Amino acid sequence: MKAKSLFISAQELNAGMLFVTMGMMEILKRNIHRVAFFRPIIFKKDVRDGDISFILERYSLDMKYEESFGYDIEYVENMIAQNRTNELINQMLLKFKKLEKEYDFVLCEGIRLSFLNANISFDINMKLAQNFGSPYINIINAKHDTAQEVYESILIENETLESHRCTHFATFVNRLDYEKYVFLEQKLKDYKYTTYLLSEVEELSLLSIQDVLESLDATPVLLEDEDHTRTIRSVKVAALSLDNFLSHIEEDDMVIVPADRSDIILGLFGALYSNNYPNISALIFPFDMRAHPNVEKLISGLDKFNIPILAVDMDTYQTARKISKTHARIRVNAHRKIALALGLFNANVDTAAIEKKIKTSHSSIMTPLMFEYKLFDMASANKQRIVLPESSDERILRAAEIVLHRGVAEIILLGNEEEVKETYLRLGLDLSLATIIDHYNSPLMEEFSQTFYEMRKSKGLTLDAAKDAMIHVNYFATMMVQLGYADGMVSGAIHATGDTIRPALQIIKTTQEVSVVSSVFFMCFETKVLVYGDCAVNQDPDASTLADIALASARTAASFSIEPKVAMLSYSTGESGSGADVEKVKEATRIVKQRDRNLLVEGPIQYDAAVNLAVAKKKLPNSKVAGNATVFIFPDLNTGNNTYKAVQRSSGAIAIGPILQGLNKPVNDLSRGCLIADIVNTVAITAIQAGEKK
């Protein structure tokens, strides 16, 4: 029998319980519509629980905070002390069963036993899981134990599970160094219980500026929104002269420095702009002091990069001591840490095997989150090389970091390697896994210019003109895709649509199946994803072109697990109208049916008849598409572009696109107003398209 709830538990602090919970929630949310999160025991009722807040916000769960927990530690310990354990279990069971009845799946997270009174002589997490009927996931922190001790802990915990008659789902052994990993891999080769080994990733345990802000109750002096998640690798106290102290700073240091040490402060800002010194993460002023007004004025006038500055009311020693006792947390806005954690989870966990063991609903529901997680899952399963030619744009760099850490794709950036590296380090990013190509000085330039010349000389292109073209990043990147140095390209954050499409048309060209490049938007509604085409490229397609767009859009839909049911839209349905515009749609529909007899297609059809079953029954009662359409083909760009924007703004639907189709190899265009999430999604889609081409 497949599970419809799971119970996750760890004995110790910093074992990675939220990390495993997040990995499991990713799997659940791409398969199941309504998922609930439940913590039977929380630390304090009047203090908002961090894990609950994180999960509810990140995964947009349709539940109230008050529904997501049972009781606090004080209540639990009092009930157990009064020998009312069974009553306590029943109270928690009632809350759990209510969620189980209302939701498709319940993911439970236990309390760390180290938080409970040492006099409690039983594992309350196992007792709860047993009564909930929830298969059990146990997490073991391998950080401070020997390999043999970790192995023995695995055996003991799983034997204890068996004695409690709990169903074992999986064991996660977290924070392993290389030697422990190899030892356990050999020892557990034929072990009867599913066990996943996860290596230690240092950055997940490093503090962020937000951790320090909260722990020290610090005051922001100079802090941008994106600075909160910057990583801190170590803490230094500036107790030396500037010339000596500069020799001791390292990448991502947080420096505690008195605000009246103007020499140190200005020296560290100078180091930020120098290629010869590391980039520090932040400054902290003790004694709640501020820098001299002239120093503040100088710093505020720096228009490109700045060092975040905090102030605390403690002295230098107290500040350093308190930071040393602060624990790192994964926060909902920590996109880099989240991407790194999920990349680690997906690389080491058999997510397909887990999906087979959980009870997933087989409805047609597809939420925006489910669609996004499916994109990441599909892309990471067949990783492709995507070139991003716009490395000068900060959004591109931030998106590239997420893509790399999530394992969605391999990234190639075009630009001067030294400049790109300096920029991403100053932004506090890690793009060490990206390939950086300086196209101006690349040995590929000669090959690309010659190839382009051979392709276009019949149209009057000279070799010098071909060389000039290849200097443009989009032409160079497109040729990389054409010749196999990359599998796909994403551009448009700082370039017009024509700058992205023109090189693709000249170099990559269209497939044999269609004669034009067209586009679609994935329109993500609350419970379904629809495909709209063409809303961005072809202004007034004739019947043959419209048929090409429909066929390409149907193939795109199928590639992303959306069953294509094509509605050829018009201002009339069936035989109710006439005129040149209607005749064009009729002819296009005929061509589509002739070219693909298995494709479900209806046209001409009005939008309401395509989406509404009640209207469909009146206007086209025998249609297999009407009322259930998933792919909508608009008769012209004016109609398509206005419709997708009207639907997006009035319904709150999320529009992902435009996604280009019809090319031999994938190239996709971004809006110049795109967000980081838009870039990440477009890279994932491009990677999936590239995988389909192979």
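The values are calculated or read from the model by the stated rules, or taken from the named source; none is laboratory data. Only a predicted model underlies this, so the values are computations on that prediction, with no experimental measurement involved. All Cβ positions, even for glycine, are placed from backbone atoms using ideal geometry, and neighbour counts span all protein chains on display. Please note that ligands, DNA and RNA were not included when accessible areas were found on the heavy atoms of the full protein model with its side chains. Shrake-Rupley method; radii C 1.70, N 1.55, O 1.52, S 1.80 Å.
Note on Glu447 and Arg48: with the Förster distance fixed at 45 Å, the Cβ-Cβ geometry gives a FRET efficiency of about 0.15. Here's the picture: a label point sits 7 Å out from the Cα of Ala677 along the beta-carbon direction, and within segment 32-58 the residues with their amide nitrogen under 13 Å of it are 57-58.
Would segment 540-613 count as rounded, prolate or oblate if I go by the C-alpha gyration tensor, calling it rounded below 1.5 in a/c and otherwise prolate when a/b exceeds b/c, oblate otherwise? Verdict is oblate for segment 540-613. Along the axis of the charge dipole computed for the chain (Cβ charges of +1 for Lys and Arg, -1 for Asp and Glu, origin at the Cα centre), the listed residues Ala434, Tyr71, Leu107 are led at the positive end by Leu107.
On alpha carbon coordinates alone, what is the Rg over Rh value for segment 179-309, Rh being the Kirkwood radius? Please report the intermediate quantities before stating the final value.
Values: Rg = 19.8 Å, Rh = 16.9 Å.
Rounded to two decimals, Rg/Rh equals 1.17.
Less than 5 angstrom separates the built amide H of Ile42 from those of Gly70, Tyr71, Asp72, Ile73, all sequence-distant by 5 or more or on a different chain.
A 1.4 Å probe over all protein chains sorts Ser449, Ser247, Ser153 by accessible area into Ser247, Ser153, Ser449, starting with the largest. The packing ranking, built from the mean of other Cβ atoms within 10 Å per residue, places the peptides 528-541, 290-303 in the order 528-541, 290-303, highest first. Think of each Lys and Arg Cβ as +1 and each Asp and Glu Cβ as -1; about the Cα centre, that makes the dipole of segment 46-126 roughly 180 debye. Normalised radius of gyration (Cα atoms, divided by 2.2 N^0.38 Å) for the chain: 1.09.
Toward the positive end of the charge dipole of the chain, with +1 on the Cβ of Lys and Arg and -1 on the Cβ of Asp and Glu, the farthest Cα among Leu463, Gly16, Leu246 is that of Gly16. Between Leu94 and Ser215, the contour length at 0.36 nm per residue exceeds the Cα-Cα span by 39.9 nm.
Around the Cα centre of segment 455-547, unit charges on the Cβ atoms of Lys, Arg, Asp and Glu (plus for the first two, minus for the last two) sum to a dipole of about 340 debye. Full extension of the chain between Asn598 and Asp243 yields a length gain of 120.2 nm, computed as 0.36 nm times the residue separation minus the alpha carbon distance.
Any idea what the relative contact order of the chain is, in percent, if you count C-alpha pairs under 8 Å spaced at least 6 apart? Taking the mean separation of contacting Cα pairs over the length of the chain, I get 11 percent. May I ask for the distance between the Cα centers of segment 28-59 and segment 525-593, given as a whole number of Å? Each part's Cα centre sits 42 Å from the other's.
Taking label positions 7 Å along the Cα-Cβ direction at both Asn348 and Lys64, the computed distance is 3.9 nm, reported to one decimal. The HN-Hα couplings worked out from phi for segment 580-586 by the Karplus form 6.51 cos²θ - 1.76 cosθ + 1.60 (θ = phi - 60°) are 4, 5, 5, 4, 4, 5, 4 Hz, whole numbers, x standing for Gly and Pro. Counting only protein heavy atoms and using a 1.4 Å probe, the accessible area of Tyr193 comes to about 40 Å².
Which order do you get for Ile494, Ile501 if you rank them by accessible area with a 1.4 Å probe, largest at the top? Walk me through the intermediate numbers first.
Details: Ile494 80, Ile501 20 Å².
Heavy-atom accessible area, descending, gives Ile494, Ile501.
Residues in segment 8-49, backbone N under 20 Å from the label point at Arg84 (7 Å along the Cα-to-beta-carbon vector): list them, ranges by number please. Counting backbone N atoms under 20 Å from the label point, the list is 40-46. Under 5 Å between amide hydrogens, built in the peptide plane, is the criterion, and for His33 it picks out Ser361 among residues at least 5 positions away or on other chains.
To the nearest 0.05, how large is the calculated FRET efficiency for Asn275 and Glu12 if R₀ is 60 Å and r is the Cβ-Cβ distance?
Working: r = 43 Å, r/R0 = 0.72.
Efficiency at R0 = 60 Å is approximately 0.90.
Here the scattering of segment 606-657 is modelled by Debye summation over its C-alpha atoms, one equal scatterer each and no solvent; at q = 0.14 Å⁻¹ the log10 of I(q)/I(0) is -0.42.
Compactness of segment 310-460 was expressed as the Cα radius of gyration divided by 2.2 N^0.38 Å, which yields 1.48. 3J(HN,Hα) couplings calculated from phi for segment 469-481 with the Karplus curve 6.51 cos²θ - 1.76 cosθ + 1.60 (θ = phi - 60°) are, in sequence order, 4, 5, 5, 6, 4, 5, 5, 4, 5, 5, 5, 4, 5 Hz; Gly and Pro show x.
Per 5 Å bin, what percent of the C-alpha pairs of segment 1-114 does each bin hold, from zero upward? Computed distribution, short to long bins: 2, 11, 22, 24, 21, 13, 5, 2, 0.
Could you sort 683-690, 370-377 so that the peptide with the highest average Cβ count within 10 Å comes first and the rest follow in order?
Numbers: 683-690: 25.9, 370-377: 21.0.
Going by the mean number of other Cβ atoms within 10 Å, highest first, we get 683-690, 370-377.
A convex hull fitted around the alpha carbon atoms of segment 248-388 yields 221 Å³ per residue.
Backbone amide hydrogens, once placed in the peptide plane, bring Lys565 within less than 5 Å of Thr630, Val631, excluding anything fewer than 5 places away on its chain.
Treating each Cα of segment 403-530 as an identical point scatterer and summing with the Debye formula, the log10 of I(q)/I(0) at q = 0.10, 0.17 Å⁻¹ comes to -0.42, -1.03.
Relative to the current alpha-carbon distance between Ile471 and Lys383, full extension at 0.36 nm per residue lengthens the span by 28.9 nm.
The simple Förster model, with R0 at 22 Å and r as the Cβ-Cβ distance, assigns Thr639 and Leu613 a FRET efficiency of 0.40. For Arg329, the solvent-accessible surface computed with a 1.4 Å probe is close to 110 Å², ligands and nucleic acids excluded.
Taking a ≥ b ≥ c as the square roots of the Cα gyration tensor eigenvalues, with a/c under 1.5 meaning rounded and otherwise prolate when a/b beats b/c, else oblate, which class fits segment 529-670? Since a/c stays below 1.5, the shape of segment 529-670 is classed as rounded.
Each residue of segment 229-243 was assigned a 3J(HN,Hα) from its phi angle through the Karplus curve 6.51 cos²θ - 1.76 cosθ + 1.60 (θ = phi - 60°); the sequence is 9, 4, 7, 10, 8, 7, 10, 10, 9, 7, 10, 10, 6, 4, 5 Hz, with glycine and proline shown as x.
Based on the convex hull around the alpha carbon atoms, segment 592-694 presents an average projected area of 8.6 nm².
Here the simple spin-label model places points 7 Å from the Cα toward Cβ, and for Leu505 and Tyr75 these points are separated by 6.6 nm. Each Lys and Arg adds +1 at its Cβ and each Asp and Glu adds -1 at its Cβ; summed about the Cα centre, the chain shows a dipole of about 2640 debye.
How long are the semi-axes of the equivalent ellipsoid of segment 396-440, defined as square roots of 5 times the Cα gyration tensor eigenvalues? Whole Å, largest first.
Numbers: eigenvalues 55, 33, 9 Å².
Listed largest to smallest, the semi-axes of segment 396-440 are 17, 13, 7 Å.
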